[in-house]
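For reference, the structure is listed below as structure tokens.
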Amino acid sequence: DIPATRLILDQMNTAVRAQLPPDNSIVSEDRLVPGPDDAPAVPIRIYQPAERPSVLPALLWIHGGGYVLGNVDGDDLLIRSLVRSVNCVIVAVDYRLAPEHPFPAPLEDCYAALKWLAANTAELGVNPERIAIGGASAGGGLTAGLALLTRDRGAIKLVFQLPIYPMVDDTNLAQPSAELPDTLLWTRASNVIGWRSYLGQEPGGADVSPYAAPLRAEDLRGLPPTCIQVGTLDLFLAEDIAYAQRLIAADVPTELHVYPGAFHGFDVFAPTAAVSQQFIADRDAALRRALHG
């Protein structure tokens with residue numbers, strides 16, 4: 001029940017934020033930016049340090065949710081943490097969700113937000129040579145698809161991509177069995193629902209775009225340096241390792257971090273665990289290297 005799940009997540013996020021003190025170290029602003037052709041404007045939220053130098057690098061952040069769930073509010077605490085740790089401007093995009101808006105609408109919304117960011121670096125105090133993209137789960141899949149789309153359209157040069165346990169393979173359809181147990185949090189049944197909703201058709205067919213399922217892309221040359229992170233108990237483990245291997249074979253500078261005993265979204269649900277602390281340190285260090293040199 002996608003609408004009911006969205007409502008539950010919104011209520012949870014509201015309850016969590018209500019318990020936290022105000023964060024005056026980070027300022028945020030909501031805007032609407034021009035959407036894709038013949039499509040609505042795209043909501044974004046701009047985050048930056050309250051005290052900052054005149055120029056900072058920037059990250060376009062894409063939330064997760066299996067292509068059917070999530071919004072900017074759900075990642076608010078994470079984004080504030082990244083701004084503080086990495087010292088950058090973050091533009092978070094509230095893309096349209098499937099199944100109401102299947103591919104390519106979510107990806108085109110992300111590209112519209114990226115295009116706006118690249119065109120308004122002077123206003124934002126952003127170094128146009130230091131723009132990265134990143135996201136987790138479906139946001140990681142959209143990150144990988146956006147990197148391909150941006151490379152092929154040729155108008156924007158990205159310095160880095162951070163697809164975190166990305167959802168990149170629509171053919172990962174095997175259902176649980178005695179030999180193939182289900183995974184925590186994001187189950188095999190959920191994966192089929194997510195892909196079916198995003199593609200607007202049954203996943204695994206012959207005509208799925210590589211911009212939707214980036215593991216299908218034949219040519220990965222020329223993509224920006226990449227860092228992929230995934231746990232050993234994640235449904236996306238095999239596809240993420242395969243994608244990293246293909247990036248390496250295409251001469252794309254690539255980091256791959258695999259975390260033992262970690263399930264999908266482990267850093268969110270067990271943030272104080274030692275493996276989550278390592279994940280966070282690795283993630284933030286990779287972003288700092290890429291954005292600040």
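The values are calculated or read from the model by the stated rules, or taken from the named source; none is laboratory data. The shown structure was predicted, so the numbers you read here are calculated from the model rather than taken from an experiment. Note that each Cβ is placed from the backbone with ideal geometry, even for glycine, and that neighbours are counted across all protein chains shown. For accessibility, only protein heavy atoms count, side chains too; no ligands or nucleic acids. Shrake-Rupley method; radii C 1.70, N 1.55, O 1.52, S 1.80 Å.
Quick one: in the range 44-68, which of the residues that are touching a Leu at 6+ places or on another chain (Cβ under 6 Å) and under 25 Å from ALA4 (Cα atoms) is surrounded by the most Cβ atoms within 10 Å (Cβ to Cβ)?
Here the residue is ILE62.
List pairs: first in the range 193-204 and touching a residue at least 12 places away in the same chain (Cβ under 8 Å), second open to solvent by 20 Å² or more (accessible area, probe 1.4 Å) and of a type in the set (A, V, I, L, M), Cβ under 6 Å, 6+ apart or cross-chain?
As it stands, the answer is GLY204/LEU173, since those pairs meet every condition given.
Could you check the range 152-188 and list, in sequence order, the residues that are out of contact with any Pro (no Cβ under 8 Å at 6 or more places or on another chain) and in a helix (DSSP H, G or I)?
Within the range 152-188, ASP152, ARG153 meet the criteria.
Among the residues of the range 217-264, write down those that are touching a residue at least 40 places away in the same chain (Cβ under 8 Å) and open to solvent by 40 Å² or more (accessible area, probe 1.4 Å).
Answer for the range 217-264, where residues must be touching a residue at least 40 places away in the same chain (Cβ under 8 Å) and open to solvent by 40 Å² or more (accessible area, probe 1.4 Å): GLY222, PRO225, LEU233, ALA238, PHE263.
Identify, please: which residue in the range 103-128 is over 24 Å from PRO214 (Cβ atoms) and part of a loop (DSSP other than H, G, I, E, B) and is, among those, most open to solvent (accessible area, probe 1.4 Å)?
Initially, the range 103-128 is screened for residues over 24 Å from PRO214 (Cβ atoms), giving 119-128.
The next check asks that each one be part of a loop (DSSP other than H, G, I, E, B); those that pass are 120, 125.
Numbers: ASN120: 38, GLY125: 11 Å².
If we take residues in the range 103-128 being over 24 Å from PRO214 (Cβ atoms) and part of a loop (DSSP other than H, G, I, E, B), then ASN120 is most open to solvent (accessible area, probe 1.4 Å).
Answer yes or no: is there a residue in the range 129-149 that is buried (at least 18 other Cβ atoms within 10 Å of the Cβ) and without any contact (Cβ under 8 Å) to a residue 60 or more places away in the chain.
Checking the range 129-149: not a single residue is buried (at least 18 other Cβ atoms within 10 Å of the Cβ) and without any contact (Cβ under 8 Å) to a residue 60 or more places away in the chain.
What number of residues within the range 155-196 are under 16 Å from VAL68 (Cα atoms), hydroxyl-bearing (Ser, Thr, Tyr) and open to solvent by 60 Å² or more (accessible area, probe 1.4 Å)?
So the answer is 0.
Determine whether the range 94-102 contains at least one residue that is under 19 Å from LEU158 (Cβ atoms) and either free of Cβ contacts under 8 Å to residues at least 40 places away in the same chain or part of a loop (DSSP other than H, G, I, E, B) (or both). Even if it seems obvious, please write down each step before you answer.
First, pick out the residues of the range 94-102 that are under 19 Å from LEU158 (Cβ atoms): 95.
If we keep only those that are either free of Cβ contacts under 8 Å to residues at least 40 places away in the same chain or part of a loop (DSSP other than H, G, I, E, B) (or both) too, we end up with 95.
There is at least one residue in the range 94-102 that is under 19 Å from LEU158 (Cβ atoms) and either free of Cβ contacts under 8 Å to residues at least 40 places away in the same chain or part of a loop (DSSP other than H, G, I, E, B) (or both).
Please return the ranges of strands (runs of 3 or more DSSP E) entirely within the range 1-64 where 3 or more residues are touching a helix residue (DSSP H, G or I) at 6+ places or on another chain (Cβ under 7 Å) and in contact (Cβ under 8 Å) with a residue 40 or more places away in the chain. Break it down into steps so the answer makes sense when it comes.
Values: elements: 26-33, 42-49, 56-62.
Output list reads 42-49, 56-62.
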